[in-house]
Amino acid sequence: MFDITAIPALQDNYIWAIHDDSHAAVVDPGEAAPVLAFLNARGLQLEAILCTHRHADHIGGIAKLREVYNVPVYGRRHPNNPHITDELREGDQLKLAAPRIAFDIIEIPGHLDDHIAFIAPEILFCGDVLFGAGCGRNFEGTPAQLHHSLQRLAQLPDSTRVYCAHEYTAANLRFALACEPDNPAIKQRAATTQQLRAANQITLPSTIVLEKATNPFLRCTQPEIIRTLQQRGLTDTSELGVSELGVFTAMRAWKNHF
């Protein structure tokens with residue numbers, strides 16, 4: 001058995017620690033100090049580092065951690081990420097002995113080209129592609145790639161817990177309400193999120209079923225969202241009407257300046 005614990009880091013990052021009573025693996029350690037403090041406080045031995053993508057707030061602590069614990073770093077190789085020791089690609093499986101867990105690997109480009117997700121039964125580590133009620137910016141690749149990556153994640157079982165890398169849920173819900181103001185699930189999640197943050201509690205993990213009910217980027221076919229975007233000037237049409245990708249692209253562009 002193992003637990004998954006959020007280690008707050010930097011301004012709003014979460015480094016996820018997968019741990020049993022004696023061993024741990026960490027996901028996206030943007031800085032080393034909070035991870036070392038967590039390991040020392042619990043008497044844990046670091047066994048592996050998992051990396052979803054190469055942004056500095058996800059890899060910034062790897063070098064210092066490996067000075068203390070010379071452990072493998074699993075992820076997608078990229079010229080700007082020198083830390084990866086063991087490359088993972090689409091269709092690979094990563095099996096950790098301690099803590100005992102096995103992940104299926106999928107490539108989810110659209111935020112960055114080297115972005116991957118780690119998927120175990122009812123567990124998703126998705127870095128910066130899927131957030132609580134939102135998604136990452138389209139820095140590399142195309143909006144179509146990002147949309148496709150999100151659709152792949154949305155097809156995971158509803159009970160899958162979504163361990164994303166940032167505490168963005170409250171801000172994302174404000175945008176979700178602007179897109180779909182009459183959605184009661186968004187209103188309820190916004191109230192719950194406000195209560196959690198007021199109590200200095202985190203809003204994660206969420207679940208795939210909650211994201212499908214409240215995340216506008218997974219709801220591009222909803223009539224209210226389409227109407228909202230048409231009122232903002234969306235003219236993307238096809239023979240079948242407004243395209244799902246057109247809605248997604250317009251919504252992502254709006255969110256960039258929201």
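Nothing in this text is a laboratory measurement; each read-out follows from the coordinates by a stated rule. From a predicted model like this one, the values you see are computed outputs, not experimental measurements. Cβ placement follows ideal geometry from the backbone for every residue including glycine, while neighbour counts extend to all protein chains displayed.
Taking every pair of distinct Cα atoms and averaging 1/r, then inverting, what Kirkwood hydrodynamic radius in Å comes out for segment 110-220? The Cα-based Kirkwood calculation yields 14.0 Å. Segment 9-141 has equivalent-ellipsoid semi-axes of 22, 16, 14 Å, by the square roots of 5 times the alpha carbon gyration tensor eigenvalues, sorted largest first. Taking amide H as placed 1.01 Å from N in the peptide plane, HIS166 has its amide H under 5 Å from the amide H of TYR14, each at least 5 places away in sequence or on another chain. Think of the chain as a dipole: +1 on every Lys or Arg Cβ, -1 on every Asp or Glu Cβ, centred on the Cα centre; then among PHE118, ALA176, LEU94, ALA176 lies furthest on the positive end. Residue separation of ASN256 and ALA33 scaled by 0.36 nm, minus their Cα-Cα distance, works out to 77.1 nm of gained length.
Extents of segment 185-258, largest first, come to 48, 26, 16 Å (Cα atoms, principal axes, whole angstrom). Residue-wise HN-Hα couplings along segment 170-180, as the Karplus relation 6.51 cos²θ - 1.76 cosθ + 1.60 with θ = phi - 60° gives them from phi, are 4, 5, 5, 5, 4, 5, 4, 5, 5, 6, 9 Hz; Gly and Pro carry x.
Shape verdict for segment 86-142, please, from the Cα gyration tensor: rounded (a/c under 1.5), prolate (a/b greater than b/c) or oblate. Here segment 86-142 falls in the oblate category. Using the alpha carbons alone, the radius of gyration of segment 158-220 stands to its Kirkwood radius in an Rg to Rh ratio of 0.93. Using only the alpha-carbon atoms, how far is helix 244-255 inclined from the longest principal axis of the chain? Give it as 0 to 90 degrees, nearest 10. For 244-255 against the chain, the angle is about 70 degrees.
Averaging the sequence gap over all C-alpha pairs within less than 8 Å and six or more residues apart, then dividing by the number of residues, gives the chain a relative contact order of 13 percent. Computed 3J(HN,Hα) for segment 224-231, one whole-Hz value per residue from the Karplus formula 6.51 cos²θ - 1.76 cosθ + 1.60 where θ = phi - 60°, is 5, 5, 4, 4, 4, 6, 5, 5, glycine and proline marked x. By the gyration tensor of its Cα atoms, with a ≥ b ≥ c the square roots of the eigenvalues, what is the shape of segment 1-59: rounded for a/c under 1.5, prolate for a/b over b/c, or oblate? The shape class here is prolate. With angles folded into 0 to 90 degrees, how steeply does helix 33-42 sit against the dominant principal axis of the chain? Use alpha carbons for both and round to 10. Result, in degrees: 60.
The lysines whose alpha-carbon is closer than 25 Å to the alpha-carbon of LYS95, local same-chain residues fewer than 8 away aside, are LYS64. Given [x] 18.5, 61; [y] 17.7, 64; [z] 16.8, 47, which label gives Rg and Dmax of the Cα atoms in Å as computed from the coordinates? So the structure-derived entry is [x].
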